[in-house]
Amino acid sequence: MESNERSKNVEACELVTGGGCGYVIFGASGDLTQRKLLPSVFSLYRSKRVGEEFFIIGFARSTMDDDAFRDRVKKSIRHADNSIPEDEITSFADKCFYVSGSYDLSDGYQRLKEKTKELATRFATSGNLVFHIATPPPLYAVIVAELGKNGLVKRHQNDHPFHRVIVEKPFGRDLESADRLNTDLLEHISDDQIYRIDHYLGKETVQNILMFRFANPIFEPAWNCAHIDHVQITVAESLGVEHRAGYFEPAGLLRDMFQNHMLQLAALVGMEPPVSFDSENVRDENVKFMKSIRPFDLKNLDAQLVRGQYGEGLIAENRIKGYREEEGVAPTSCTETYFAMKMFVDNWRWKGVPFYLRAGKRLEKKLTQIALVFKKAPHCMFSQANAPVAPAPNVLIFDIQPKQGLSLSCQAKVPGAKMCLTTMQMDFNYRDVFGSEMDEDYSTLILDCIRGDQTLFWRKDGVEASWRLLTPVLRDYDTCTATKKTTAPDTPEIYSAGGWGPAAGDHLLEKDGRQWIVA
Ligand code: NDP
């Protein structure tokens, strides 16, 4: 494509804006609000994707006035990017307000209602409201019930004005609790008003998987069990549990990463082409994929699943303590900080193709990548021409983070008289092409909610399908956690911080004659 044609397309894409709206954050004194939500909304404001018809209200129990909240807003934006001019931060902070109250008592909600009315007139937002629930999960249903009882949200009120609710992850801790939460929310709002967030889906590189697959038809004939040997998905963190042991200890990595992000990444790679790129059609295909995943054999989980827990080790020459030594973690904790899974998708496209998924904390480096490893050439004619090794398979890699792009490895001849082959990479790097940092994932998702686009949010049946797959496995592991066994065979294997997880994680592929790719 000519570069001026590409820049015309890019310009057209930047014009997506939300209309007037009030954005209310519950749990506004918390970590997520400071680190992610406020900088993301500021980024929308700064780039004029939300306009002057916009305001923010923080709601939490902590006592603060508007000015104290604005100081936090400013601090959080400066912390995210200290090069932003002060006048831009101040004009954004002037749109921020605060209401203090208990999450389960009406009086705070009544004050919130008064404030939203007053600000709707002042900022001409037509009464449109987005509520973002960023509190600990036990409060999700309580808050939506109070919003309903106090007339801040009305069921089916999805336009003129709209009342929408963004619900943070985790959405339940098993099938039963997710069902209960769905039922509780649906008493007060309809499914088209619920935005179950999975912030991974807000990443440009994740969304690009669908564009790449369905806007480039040359790949489709090879995107199936006839040509793909296996799929690998790695989500590695070098950080440990940090200050989130209270949440992580009873959850574990399988709940924290697989029920949502990992299965979503697999679905984007594996789903069938939707009829159109609208939320219902995309999510129909997404759910069909989830339902096609073969249930795990509970009598033989070790054949497909690996749990690990980080012990002490070294990262960048710093001594790292083991998980059980972390603050808030039981010294006999059974919680996994690493999980690897081999799964099969029982449908026509993926028959017999293993999907290997792994995620872990305190691994060698931060990395999210998806690799599609194609089948090797059926016959190596170059062996007769003194090629020392058989050609390696083609591998297509989606780099999600920190590198953002994609690459395709191909074989090429090494110049010279001998018939030597080497692997070369065809690389596409977002930054090289589009020249700027990718947006915060939350910016995309909050804007989508304001625009009423649910494509990148979980639908009720999708949440149910993923919990249905994992709940029997979790039940098995929860027994271990409950009895706090440390030496039983079903406890997670300890791995050294700074490596690539337990040996069993590598063995999961090696026993199939494969190995993890880290590009
Ligand atoms: P916090 O633990 O920081 O809680 C947010 C706010 O909720 C707190 O500031 C506090 O405000 C209130 N709160 C905390 N504990 C309680 C309690 N026991 N009872 C009543 N209120 C309480 O959470 P985060 O900001 O880290 O996360 C918010 C949500 O977002 C969680 O559901 C989390 O799972 C999810 N999430 C967080 C991510 C992160 O990186 N932090 C990433 C992805 C999802 P106050 O006391 O002032 O009312």
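The values are calculated or read from the model by the stated rules, or taken from the named source; none is laboratory data. Please read these numbers as outputs of a predicted model, since none were measured by experiment. Cβ: placed from backbone, ideal geometry, glycine included. Neighbour counts: every protein chain shown. The area values use the complete protein model at the heavy-atom level, side chains included, leaving out ligands, DNA and RNA. Shrake-Rupley method; radii C 1.70, N 1.55, O 1.52, S 1.80 Å.
Please tell me if E114 is in a helix (DSSP H, G or I), of a type in the set (D, E), on the phi < 0 side of the Ramachandran plot and in contact (Cβ under 8 Å) with a residue 24 or more places away in the chain. Against the criterion (in a helix (DSSP H, G or I), of a type in the set (D, E), on the phi < 0 side of the Ramachandran plot and in contact (Cβ under 8 Å) with a residue 24 or more places away in the chain), E114 does not qualify.
Condition check for G311 on (1) under 15 Å from P502 (Cα atoms); (2) within 25 Å of the chain's Cα centre (by Cα): one failure, at (2). Under the condition of being in contact with a strand residue (DSSP E or B) (Cβ under 7 Å, 6 or more places away or on another chain), hydrophobic (A, V, I, L, M, F, W, C) and more than 16 Å from G240 (Cα to Cα), the residues counted in segment 297-343 number 5.
Yes/no matrix, rows are residues, columns are (1) farther than 19 Å from E440 by Cα; (2) near the ligand (Cβ under 9 Å from one of its atoms); (3) among the acidic types (D, E); (4) in the same structural domain as L129 (by TED's automatic domain parsing):
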{"residue": "G30", "(1), (2), (3), (4)": "no, yes, no, yes"}
{"residue": "P39", "(1), (2), (3), (4)": "no, no, no, yes"}
{"residue": "R46", "(1), (2), (3), (4)": "no, no, no, yes"}
{"residue": "V50", "(1), (2), (3), (4)": "no, no, no, yes"}
{"residue": "E53", "(1), (2), (3), (4)": "yes, no, yes, yes"}
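Applying the set (1) touching a residue at least 24 places away in the same chain (Cβ under 8 Å); (2) surrounded by fewer than 18 Cβ atoms within 10 Å (Cβ to Cβ); (3) assigned to a strand (DSSP E or B) to A392 leaves exactly one unmet item: (3). Among the residues making up segment 112-147, those that are within 15 Å of the ligand (Cβ to nearest atom) and within 16 Å of I56 (Cβ to Cβ) are L112, F131, H132, I133, A134. Within segment 482-519, the set of residues being at pLDDT 95 or above, among the polar types (S, T, N, Q) and touching a helix residue (DSSP H, G or I) at 6+ places or on another chain (Cβ under 8 Å) comprises Q515 only.
For the structure I just gave you, tell me whether A266 is assigned to a strand (DSSP E or B) and either of a type in the set (V, I, T) or surrounded by 17 or more Cβ atoms within 10 Å (Cβ to Cβ) (or both).
no
Any residue at all in segment 55-69 that is part of a helix (DSSP H, G or I), within 16 Å of the ligand (Cβ to nearest atom) and aromatic (F, W, Y)? Checked segment 55-69: at least one residue is part of a helix (DSSP H, G or I), within 16 Å of the ligand (Cβ to nearest atom) and aromatic (F, W, Y). Any chance segment 99-107 includes a residue that's more than 16 Å from the ligand (Cβ to nearest atom), in the same structural domain as R72 (by TED's automatic domain parsing), loosely packed, with under 13 Cβ neighbours inside 10 Å and not in a loop (DSSP other than H, G, I, E, B)? There is no residue in segment 99-107 that is more than 16 Å from the ligand (Cβ to nearest atom), in the same structural domain as R72 (by TED's automatic domain parsing), loosely packed, with under 13 Cβ neighbours inside 10 Å and not in a loop (DSSP other than H, G, I, E, B). V73 falls short on exactly one of the conditions (1) within 15 Å of the ligand (Cβ to nearest atom); (2) open to solvent by 10 Å² or more (accessible area, probe 1.4 Å); (3) in contact with a Cys (Cβ under 6 Å, 6 or more places away or on another chain), and that condition is (2).
Among the listed residues S91, S76, S47, identify the single one that is hydroxyl-bearing (S, T, Y), more than 22 Å from V165 (Cβ to Cβ) and modelled with pLDDT under 95. Outline the logic, then answer.
Values: S91 fails: modelled with pLDDT under 95; S76 fails: modelled with pLDDT under 95.
Of the residues listed, the single one that is hydroxyl-bearing (S, T, Y), more than 22 Å from V165 (Cβ to Cβ) and modelled with pLDDT under 95 is S47.
The listed residues are S292, S238, and the only one of them that is without any contact (Cβ under 8 Å) to a residue 60 or more places away in the chain and either closer than 18 Å to K169 by Cα or of a type outside the set (A, V, I, L, M, F, W, C) (or both) turns out to be S292.
Within segment 30-47, is even one residue under 22 Å from I133 (Cβ atoms), outside any helix (DSSP H, G or I) and open to solvent by 30 Å² or more (accessible area, probe 1.4 Å)? No, the conditions are met nowhere in segment 30-47. The residue that is most open to solvent (accessible area, probe 1.4 Å), among those in segment 284-312 that are among the polar types (S, T, N, Q) and outside any strand (DSSP E or B), is N300.
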